[in-house]
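The values are calculated or read from the model by the stated rules, or taken from the named source; none is laboratory data. Since this is a predicted model, take the numbers as computed values, not measurements. Ideal geometry is used to build each Cβ from the backbone, glycine not excepted, and the neighbour counts take in all protein chains shown.
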Amino acid sequence: MADLNGWIDRDVASVWHGFTQMEAYAGNSPVIVERGEGRELIDIEGNRYLDAISSLWVTTLGHGVPELDQAVRDQLGRVAHTTMLGHGNRIVIELAEALAPRVPVDRPRFLFASDGAAAVEQAIKIAFQYWTNQGVTGRTKYLAFTGAYHGDTIGSLAIGDGGFGTDVFDPLRFPVLRTPCLGEPGAVDEAIRMIAEHAHELAAVVLEPLVQGAAGMALVPADAVAAVARAAADHDVLVIHDEVATGFGRTGTLFATEQCGVQPDLMVIGKGITGGYLPLAATVASQRVWEAFLGPDLSEMTFYHGHSYSGNALGCAVALRHLELLDEWDVLQNVNDRAAQLGRLLAAQIEPLAGVAAVRRCGLMTGIELAPPADGLRWGRKVSAACVERGVLIRPLGDVIVIMPPLTTTAEEIVRIVDALEAAIRLVAAG
């Protein structure tokens, strides 16, 4: 086996990493993972790292979960994948049936995809065609929010608010109506005003309930989400909730929407759906939306959209077992216990630090905004590197440190994360 530098050389020679400047990749001390055990990742030299970002917000129960491993093996004994275009698959049906009573959507139907961005793309296309199927013209725009991020396909980029270097694609994006993040003063009134004023041209309002993850964990109050839902209903505008990041327990309930007391017309789920095992996502449509697509065979009422691996059987099998384990292990209780502990430790150890501007948290979703004295100091990158040196794996969003550990994280591991973070911030802030 080659040493670490040898593996990095091989990596650079053949792999292109997303959201990564490959010219600088090798010099940023990347971790080359060999395997995972529990909530730790182990690199090719045997070093262990607590996965405090859940492998980019997807891992829920940990790595190498025997029950999830077995679910994949069992499905392999049946079939790995069959097309969902015009045909069905037993395990896909069973997953949809299990999800149906759990999602806060009226009599839901599930259109599966391979990742969150693709599922968002489905949602905005469905919202558009919902109106055209009823002979309604002019409903071609979307209302979205400052700081929003919904993925990196062209449609999802258009709905999102740019950033992360994606501004280069502005010429490809379609225009949307945009109002301030719902956590900002006056934002709710402005969103309600915009809905009333532009209802005749709005296909849908698109929002992330409770937390705008990629915006540095910007918090969105539940009552603000509810107020927007009421305004949309009053003016017959569809509502799309993007729960790719917030879904499957991250905020303390299975879905963040539950805490808002509303039912969106469309909801997007992904990331944690398979526990981090396989790529899977879904667009969830309400009965009202689904019925607008019913009509004669081969007619223009049909939603002509679908991907080769939509509803992959292996992904659905592990997703179904994952959903069962969330209940069997009472995982949400652990989320709330560990979230309360995390909040106390952040208040005691992190918030008082001179290098910290703000701490934002909802459940186990946390953003620590750093306060570098000047631009260009790359504090986010440096604090993350210092945490990795202490055996805690994180990835920043600019100068916001994201902490999002698996849902089964222990009390001892929460202490380990906060201790490493405190030491890293003190080190970097000291220069």
Review point. Among the residues of the range 233-255, is there at least one that is modelled with pLDDT of 95 or more, under 24 Å from V284 (Cα atoms) and in a helix (DSSP H, G or I)?
Key: yes
**Study point:** In the range 370-405, the residues that are outside any strand (DSSP E or B) and hydrophobic (A, V, I, L, M, F, W, C)
**Key:** A371, A374, L377, W379, V383, A385, A386, C387, V388, I394, M404
Practice item. May I ask you to verify whether E97 is in the same structural domain as G151 (by TED's automatic domain parsing), modelled with pLDDT of 95 or more and loosely packed, with under 14 Cβ neighbours inside 10 Å? Key: yes
Review point. In the range 237-249, is there at least one residue being more than 16 Å from the chain's Cα centre (by Cα), under 27 Å from L61 (Cα atoms) and surrounded by 24 or more Cβ atoms within 10 Å (Cβ to Cβ)?
Key: no
Exercise for review: List the helices (runs of 4 or more DSSP H) that sit entirely inside the range 279-369 and contain at least 1 residues that are over 28 Å from L85 (Cβ atoms) and without any contact (Cβ under 8 Å) to a residue 12 or more places away in the chain.
Suggested key: 313-328, 331-345
Review point. Just wondering, is there one or more residues in the range 183-206 that are among the hydrophobic types (A, V, I, L, M, F, W, C), closer than 30 Å to L61 by Cα and buried (at least 16 other Cβ atoms within 10 Å of the Cβ)?
Key: yes
Revision key, fill the gap. Log entry, pairs with first residue in the range 58-72 being under 16 Å from G272 (Cβ atoms) and in contact (Cβ under 8 Å) with a residue 12 or more places away in the chain, second being in a strand (DSSP E or B) and among the hydrophobic types (A, V, I, L, M, F, W, C), beta carbons closer than 8 Å, six or more apart or on different chains, reads H63/L41
Point to revise | Matching entry among V105, V92, V79 (being closer than 30 Å to E258 by Cα and over 20 Å from the mean Cα position of the chain (by Cα)) | key: V92
Practice item. Could you please find all residues in the range 2-31 being over 26 Å from the mean Cα position of the chain (by Cα) and not in a helix (DSSP H, G or I)? Key: A2, D3
Study note, to complete from the structure: Selection from the range 104-117 of residues surrounded by fewer than 22 Cβ atoms within 10 Å (Cβ to Cβ) and assigned to a loop (DSSP other than H, G, I, E, B) yields D106, R107, S114, D115
Exercise for review: Identify all residues within the range 81-94 that are part of a loop (DSSP other than H, G, I, E, B) and either of a type outside the set (V, I, T) or outside the structural domain of T283 (by TED's automatic domain parsing) (or both); write none if there are none.
Suggested key: H81, M84, L85, G86, H87, G88, N89
Check your understanding: In the list Q122, Q129, Q134, which residue meets the criterion of being in contact (Cβ under 8 Å) with a residue 40 or more places away in the chain and loosely packed, with under 15 Cβ neighbours inside 10 Å?
Key -> Q134
**Study point:** Unmet requirement for D74, which otherwise passes all of (1) part of a loop (DSSP other than H, G, I, E, B); (2) under 30 Å from S308 (Cβ atoms)
**Key:** (1)
Check your understanding: Filtering the range 146-170 down to residues that are hydrophobic (A, V, I, L, M, F, W, C) and part of a helix (DSSP H, G or I), which residue is nearest to V206 (Cα to Cα)?
Key -> I159
